[in-house]
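So the structure is just underneath, and the comments pick up after that.
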Amino acid sequence: EGIQAVPGVRLRVAWWGEIPNFDTKIVRWLAQDYGVNIVVDLFTLLGPLFETDEHLTDPLKYIARKTLSFPVVRLSGRFSDVSQDITRVAQESHIDACIIYTSLGCTQISGIRKVYRDAVSEKLGVPTFILDGDYCDSRVISGHQIRARLGEFFALLEHQKSQ
């Protein structure tokens, strides 16, 4: 219907990994300064695998299936399945760019970042930026440093679009 969550959206972005907890205002800054709307994040990356009435017939099996279908758990699956799901979600979301924020303490997300990059950047040609940091500790990379690095990435994207 042409209604935008972020006025003046110029870029639809997937942000895979968590937003740094010590500086969640980064999301507002990206929207205001670069017209970024984060349309996919770690928790919306992979939707539920199933929708059934199993909760009525076998509640314990339903709870087990629901728990195992949580996106972070599904990312621990087979490489081919995860890659296929990431590619599908990126295509369906019509993303223009991808940010992969990996916490040095989270081996699951840090280990899978190549799968993300290959699925999005190499298969779909979507510009992808990997940013290492920490979800809670700004001593690893500060909010100011994150903004500077993201600013460089988005400035490069704007420059490429203008050519």
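The values are calculated or read from the model by the stated rules, or taken from the named source; none is laboratory data. As the structure is a prediction and not an experimental result, all values here were calculated from the model. Cβ: placed from backbone, ideal geometry, glycine included. Neighbour counts: every protein chain shown. These accessible areas exclude ligands, DNA and RNA; they are computed on the full protein's heavy atoms, side chains included. Shrake-Rupley method; radii C 1.70, N 1.55, O 1.52, S 1.80 Å.
Evaluate the following for G151: is it surrounded by fewer than 15 Cβ atoms within 10 Å (Cβ to Cβ) and within 15 Å of A14 (Cα to Cα)? Before you say what the answer is, go through the steps one by one.
On the way: surrounded by fewer than 15 Cβ atoms within 10 Å (Cβ to Cβ): yes; within 15 Å of A14 (Cα to Cα): no.
No; evaluated as a whole, the condition is false for this residue.
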Residues of segment 107-136 being exposed (fewer than 15 other Cβ atoms within 10 Å of the Cβ) and assigned to a loop (DSSP other than H, G, I, E, B), in sequence order, are G125, C136
Note on segment 32-72: residues modelled with pLDDT of 65 or more, more than 16 Å from I95 (Cα to Cα) and β-branched (V, I, T) are T57, I63, T67, V72
Quiz item: Can we say D96 is farther than 16 Å from V39 by Cβ, open to solvent by 30 Å² or more (accessible area, probe 1.4 Å), out of contact with any helix residue (DSSP H, G or I) (no Cβ under 6 Å at 6 or more places or on another chain) and not polar (S, T, N, Q)?
Solution: no
